[in-house]
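Peer 1: Please find one structure pasted underneath; my questions will follow.
Taken together, the values in this text are just the output of simple stated rules run on the coordinates, not laboratory data. What you see is a predicted model; the values in this text were computed from it and never measured. Backbone-built Cβ (ideal geometry, glycine too); neighbour counts: all protein chains shown.
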Amino acid sequence: MAEYYSTLISAEALREHLGDPAWAVVDCRFKLDDPAAGRARYLEAHIPGAIYADLNKDLSALATPDEGRHPLPALDTFRATLGAWGIAEGVQVVCYDDQGGSIAARLWWMLRYLGHEAIAVLDGGLPTWRAQGYSTASGAETRPPAHFQGEPHPEMLASMDELLERSPATLLIDSREAARYRGEIEPIDRVAGHIPGARNRPFAQNLAPAGTLRPAEELAETWQSALGTHAAEEVVVYCGSGVTACHNLLALEVSGLSGARLFVPSWSGWSASPERPVAVGEEPP
């Protein structure tokens, strides 16, 4: 397709394309503490034509200690999932949730990882869609199946070995809330704290009070300040399990700062081994 949305899309723009067979809408609502809630909410009400993506079942493989709570699914498995959703080359994909894009950004990143650039997050998600007065549908929906054949881009990933032996030039960004980063609380993983040397930049700082992303100029200013003298290509981003870190990667892309990478195992993978170092508190300037 000649023109496509590759970062964000407004509710108004999406509404103009509802029913277009070359557009696929994916509902990514999910709650870590209640994995069935997202699908239940989808069945109750969703954007017309949307299919449902389950973070645990569709966007992740089974958890393993070193790969964390949400490893990437096997390539052939995910290709088959996308094909079953009617997603192929030339299809504009729009994903959304009800948490400021923090879950939908995982699908956004995964499709980009497989070379599919026509993927955008609905800015403000379902709450903004409803606030605009647009209609919703209920029940499960499907799309005609397609053949998805994307190839992975390993340069978008950072490995465990790389982080264990990382260069001083690498800037590591922890996307979790400040209290988890500092090690004051840890509601999910076995150890509290952060990867030594990481800086804290919670993904929620990307959001305006209404749940939409802050303006691109504002994001660019704050992210450039966070990066300092580092180029975006020197940045590795992580969170608890490789999900909300994708929101920071989305914000960097919106800011015009491309090239940062994802450490998929994130804190859940790093902290699984007592042999890996852990830091608490703030890092020195």
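Peer 1: Just want the answer: with Cβ charges of +1 for Lys and Arg and -1 for Asp and Glu, which residue in Tyr52, Ile173, Trp85 is farthest toward the dipole's positive end in the chain?
Peer 2: About the Cα centre, the residue reaching furthest to the positive side is Tyr52.
Peer 1: How big is the Kirkwood radius of the stretch 8-152, worked out from every pair of different alpha carbons and given in Å to one decimal?
Peer 2: 15.2
Peer 1: A further question on this structure: Calculate how steeply helix 216-227 sits against the longest principal axis of the alpha-carbon atoms of the chain, using the helix alpha-carbon long axis, and give the answer as 0 to 90 degrees to the nearest 10.
Peer 2: Helix 216-227 sits roughly 20 degrees off the main axis of the chain.
Peer 1: Under a point-charge model restricted to the Cβ atoms of Lys and Arg (+1) and Asp and Glu (-1), what is the dipole moment magnitude of the chain relative to its Cα centre, in debye to the nearest 20?
Peer 2: Dipole size: approximately 520 debye.
Peer 1: Right, next: Need one number: % antiparallel among DSSP beta bridges in the stretch 8-152, to the nearest 5.
Peer 2: In the stretch 8-152, approximately 15 percent of DSSP beta bridges are antiparallel ones.
Peer 1: Cβ under 13 Å from Gly150's Cβ, Gly150 left aside: what net charge do those residues give with Lys, Arg +1 and Asp, Glu -1?
Peer 2: -2
Peer 1: Roughly how tilted is helix 75-84, in degrees to the nearest 10 and between 0 and 90, from the longest Cα axis of the chain?
Peer 2: Tilt relative to the chain: about 30 degrees.
Peer 1: A follow-up question, please. How high is the relative contact order of the stretch 8-152, in percent, with contacts defined as C-alpha pairs under 8 Å that are six or more residues apart?
Peer 2: The value is 33 percent.
Peer 1: Could you tell me how far the Cα centroid of the stretch 223-284 sits from the Cα centroid of the stretch 66-105, in Å?
Peer 2: Measuring centre to centre over Cα atoms gives 20 Å.
Peer 1: Can you list the HN-Hα couplings for the stretch 230-238, worked out from phi with the Karplus curve (6.51, -1.76, 1.60; θ = phi - 60°), rounded to whole Hz and with x for Gly and Pro?
Peer 2: Per-residue couplings from phi come out as 7, 7, 4, 5, 8, 9, 10, 10, 9 Hz.
Peer 1: Let me ask you something else. Shape of the stretch 155-270 from its Cα gyration tensor (a ≥ b ≥ c, root eigenvalues): rounded if a/c is under 1.5, otherwise prolate when a/b > b/c, or oblate?
Peer 2: It is oblate, given that a/c is not under 1.5 and a/b is not larger than b/c.
Peer 1: For Glu282 and Ala63, compute 0.36 nm times the residue count separating them, minus their Cα-Cα distance, and round to one decimal in nm.
Peer 2: 75.9 nm
Peer 1: Using modelled backbone amide H atoms (1.01 Å from N, in-plane), which distant-in-sequence or interchain residues come within less than 5 Å of Leu262's amide H?
Peer 2: Leu157, Ala158, Val237
Peer 1: Let me ask something additional. Give me a comma-separated list of calculated 3J(HN,Hα) values for the stretch 92-107, in order, Karplus coefficients 6.51, -1.76, 1.60 applied at θ = phi - 60°, integers in Hz, x for any Gly or Pro.
Peer 2: So the Karplus estimates, Gly and Pro as x, are 7, 9, 10, 10, 8, 8, 10, 10, x, x, 5, 8, 4, 4, 5, 5 Hz.
Peer 1: Among Ala192, Gln224, Ala251, pick out the residue whose Cα is farthest towards the positive end of the charge dipole of the stretch 155-270, where Lys and Arg carry +1 and Asp and Glu carry -1 on C-beta, about the Cα centre.
Peer 2: Of the candidates, Ala192 comes out farthest on the positive side.
Peer 1: Whole-Å semi-axes of the chain's equivalent ellipsoid, largest first, each the root of 5 times a Cα gyration tensor eigenvalue?
Peer 2: Working through the eigenvalues yields semi-axes of 30, 20, 18 Å.
Peer 1: Within a Cβ distance under 13 Å of Lys31, other residues only, what is the Lys/Arg minus Asp/Glu net charge?
Peer 2: Taking every other residue near Lys31 into account, the sum is -2.
Peer 1: If you don't mind, another one. Tell me, what HN-Hα J-couplings in whole Hz come from the Karplus equation 6.51 cos²θ - 1.76 cosθ + 1.60 at θ = phi - 60° for each residue of the stretch 270-285, using x for Gly and Pro?
Peer 2: After applying 6.51 cos²θ - 1.76 cosθ + 1.60, I find 4, 7, 5, 10, x, 7, 8, x, 10, 10, 10, x, 8, 7, x, x Hz.
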